[in-house]
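Every number here is computed from the coordinates shown, using simple stated rules; none is lab data. These figures come from a predicted structure and were not determined experimentally. Here the Cβ positions follow ideal geometry from the backbone for every residue, glycine too, while neighbour counts run over all protein chains shown.
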Amino acid sequence: LGPEPIYIWCTHCATVVITVTQSQRSKFTHLTAAALCLFGCWPCAMLPYCMNSCKNIYHYCPDCNYLFGMYRPW
C-alpha cells in the first residue's frame, strides 16, 4: 500500500474496489512539530499537521469500510 488509492480485492465484499484513503496524525507528526519548536522554527510547527507526508495513510473499502492496511510515509 502507498499514499494513493489502489485497486484491491476486498475479501469481505468479494469485489474489486478502489480504496478510500484517510490520513491521520501519528507520533511522527507530533515529534516533527516538537522538533521544529525546539530548534526555533516555531512559526513552521503547524506544517506537519497540514502535510500528508507526515501522517499515516489508512486504506479502507468504500463499500464495507474494511481496513486493508496502513501506509507510513517515513
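Structure notes:
- For the chain, calculated [θ]222 nm from helices alone, where every DSSP H run of n ≥ 4 adds -39500 (n - 2.57): -6000 deg cm²/dmol
- If you take all other residues with their beta carbon under 14 Å from the beta carbon of Thr29, and give Lys and Arg +1 and Asp and Glu -1, the sum is +4.
- Between the helical axis of 27-38 and the longest alpha-carbon principal axis of the chain there is an angle of about 10 degrees.
- Take the Kirkwood radius over Cα pairs of the chain, plug it into Stokes-Einstein at 20 °C and 1.002 mPa s, and you get 159 µm²/s for translational diffusion.
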